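Here the structure is laid out as structure tokens; the discussion comes afterwards.
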Amino acid sequence: MRRLFPVTDETAAPDPGGVPGEDVREGAGREWGLAELAAAYAYPEAGPGGPLPWLRANMVSTLDGAAQHDGRSQPISSATDMRIFGTLRALADVVVVGAQTVRQEGYRPARARAEFAGMREAAGQSPAPAIAVVSASLDLDFSLPLFTSPLVPTLILTGASAAPDRVAAAGKAGARVVTAGDGIGVDPARAVQALAGLGYTRLLTEGGPRLLGQLVAAGVLDELCLTVSPMLTSGDAQRIAGGPAVMVPQRFRLVSMLEEDGFLFTRYGR
């Protein structure tokens, strides 16, 4: 893996190794270690007033814009993409995911990883990130391991008008229901603030496209980690974000980019 563009913004993550003036081609031809990836994808440092919520998304797309193949993202991914996926999870306090993605991708609880145990303990984090499922209907299978055996109780973000029987079923299964909207649905800005109020300020979303579209439309997305897969699929697969278009396109800046075997691992920020 080699880094094509160095991080130059002083608020972004330092170069792996932190050596000023280091040749950015230094990592060419070798596999980066997990510590290097963690440094490259580090969340912003807390300011004088304490940590503020920072929401990043991690998505993969083919060259022709498909976020899935046969309904799943795995066929357009790679081993290195999954290493970065695991690193981003290890850095996060909570992973925010849409209910449809939970059903479609067979989501399981995040696991504790020995390689990141010391880092998470030093940061005051739990052994693994919590999973927060965004669901208006709470139409979820509460017998799944995501609800019955997580290391950290699974959260469900829903609206105040959610069906009481489904809220009760979620609580009985061990999930924590968090109200983040006045009606049936979830207000993205309130969801971010509700999670921050619970101490989850390093936020990661893995979609799906409908949820990411809602976050983009609400203007609460701070960062996009996008893997560009060197594949063409054609067909009618979803893009990484769906839903109504924003009034004015939002401009993000390129923070860093890595490359391996034709895959581009990009990181864009506000």
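The values are calculated or read from the model by the stated rules, or taken from the named source; none is laboratory data. This structure is a prediction, so every number in the text was calculated from the model and none was measured. Neighbour counts are summed over all protein chains in view; Cβ atoms, including those assigned to glycine, are modelled from backbone coordinates with ideal geometry. Accessible surface areas use protein heavy atoms only, side chains included; no ligands, DNA or RNA. Shrake-Rupley method; radii C 1.70, N 1.55, O 1.52, S 1.80 Å.
The distance separating the Cα centre of segment 38-68 from that of segment 178-238 comes to 11 Å. Given R0 = 35 Å, the distance between the Cβ atoms of Arg30 and Gln104 translates into a calculated FRET efficiency of 0.50. Our estimate of slack between Ser234 and Ala79, defined as 0.36 nm per intervening residue step minus the Cα-Cα distance, is 53.5 nm.
Have a look at Leu140, Val152, Val178 and report the one farthest towards the positive end of the charge dipole of segment 108-185, computed about the Cα centre with Cβ charges (Lys/Arg +1, Asp/Glu -1). Checked the options; the winner is Val152. Projecting label points 7 angstrom from Cα along Cα→Cβ for Asp165 and Ala122 puts them 5.1 nm apart. Protection proxy ranking of 251-260, 201-210, by the mean of other Cβ atoms within 10 Å over each peptide's residues and highest first, is 201-210, 251-260.
Per residue of the chain, the DSSP helices (runs of n ≥ 4 H) give a summed -39500 (n - 2.57) that works out to -7000 deg cm²/dmol at 222 nm. Note on the chain: antiparallel DSSP beta bridges, both residues inside, total approximately 40 percent of the bridges counted.
Across all directions, the average projected area of the convex hull around the alpha carbons of segment 211-254 is 4.1 nm². Take every Cα pair under 8 Å whose residues are at least 6 apart in sequence, average their separation, divide by the length of segment 80-164, and the relative contact order is 32 percent. Run the accessible area of segment 126-252 with a 1.4 Å probe and give the carbon-and-sulfur part as a rounded percent. Of the solvent-accessible surface of segment 126-252, carbon and sulfur hold 56 percent.
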